[in-house]
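The values are calculated or read from the model by the stated rules, or taken from the named source; none is laboratory data. What you see is a predicted model, and the numbers here were worked out from it, not measured in a lab. Because the Cβ atoms are built from the backbone with ideal geometry, glycine has one as well, and the counts that use them run over all protein chains shown. Accessible surface is based on the protein model in full, side chains and every heavy atom, while ligands, DNA and RNA are left aside. Shrake-Rupley method; radii C 1.70, N 1.55, O 1.52, S 1.80 Å.
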Amino acid sequence: MYIIVICLIGGMICGYFSGISSSGLSNHIVTLGLLMLLFSVGIDFGKNREILNSIKENRLRLFIIPMGTIIGTIVGSLVAGIILSMPVKESVAVGAGFGWYSLSGVLITQLYSVELGTMAFISNVVREVIALLIIPFVSKYVGSMEAIGIAGATAMDTSLPVIVKYTSSDMVIFSFLSGLILTLFVPLLIPIILNF
């Protein structure tokens, strides 16, 4: 957990002082890193002969985490919107990014406004960082499925190693499918919410 925070802060310091364009080299590095991560997850899936059996046995349970995450995030976004005196559709649209900051920020900017898109970007980045920091505590004191829910859409990529480390290898399939389902919902929900 501390290594993640140190890497994030180190990257921020390097980015501040390096002068390297963030749209060039860093985007390629991030993409390559995510592809390598997903490739390694695929290797783990392939090595684990029980994955298909786990999917068959837990058919309904596989959908509980992403549906609970969607409901919890929408309710939390509504409450946050009320506290911040934001219009309902704006607060819910920001939350509907489910941690996928790169898409939600751009999508909301294109469909609604730059200000709300920026807010979506920042809030979803913060969600991912907080998830990475608290997943170990949530998995230990609350439960493994709740730890997956906190990660949102990032449960299938950037948060997956942390989830597996602090829960168990049995949670890989739950985590990956939850992240995948939430990732598929982001581009569907945000336009529906903003056009409501």
(message) If the elastic network links every pair of Cα atoms under 10 Å, which of Ile29, Ile173, Ile134 fluctuates the most in the Gaussian network model of the chain?
(response) Ile29
(message) Can you give me the Rg/Rh ratio for the chain, using Cα atoms for both radii and the Kirkwood formula for Rh?
(response) 0.98
(message) Placing +1 on the Cβ of each Lys and Arg and -1 on the Cβ of each Asp and Glu in the chain, which of Thr183, Asn58, Val172 has its Cα farthest towards the positive end of the resulting dipole?
(response) Asn58
(request) Determine the principal axes of the Cα atoms in the stretch 92-196, then give the extent along each, sorted from largest to smallest and rounded to whole angstroms. (result) 41, 21, 19
(request) Tally up the carbon and sulfur contribution to the accessible surface of the stretch 127-178 as a whole percent, 1.4 Å probe, everything protein left in place. (result) 67 percent
(message) Relative contact order of the chain, please, whole-number percent, based on alpha carbon pairs below 8 angstrom and at least 6 residues apart.
(response) 22 percent
(request) Figure the gain on full extension for Ser18 and Ile71 (residue separation times 0.36 nm, minus the Cα-Cα span) and round it to one decimal in nm. (result) 14.9 nm
(message) Run the helix sum for the chain: -39,500 (n - 2.57) per DSSP H stretch of 4+ residues, divided by residue count, reported at 222 nm to the nearest 500 deg cm²/dmol.
(response) -26000 deg cm²/dmol
(request) Express the relative contact order of the stretch 71-154 as a whole percentage, based on alpha carbon pairs under 8 Å and six or more residues apart in sequence. (result) 23 percent
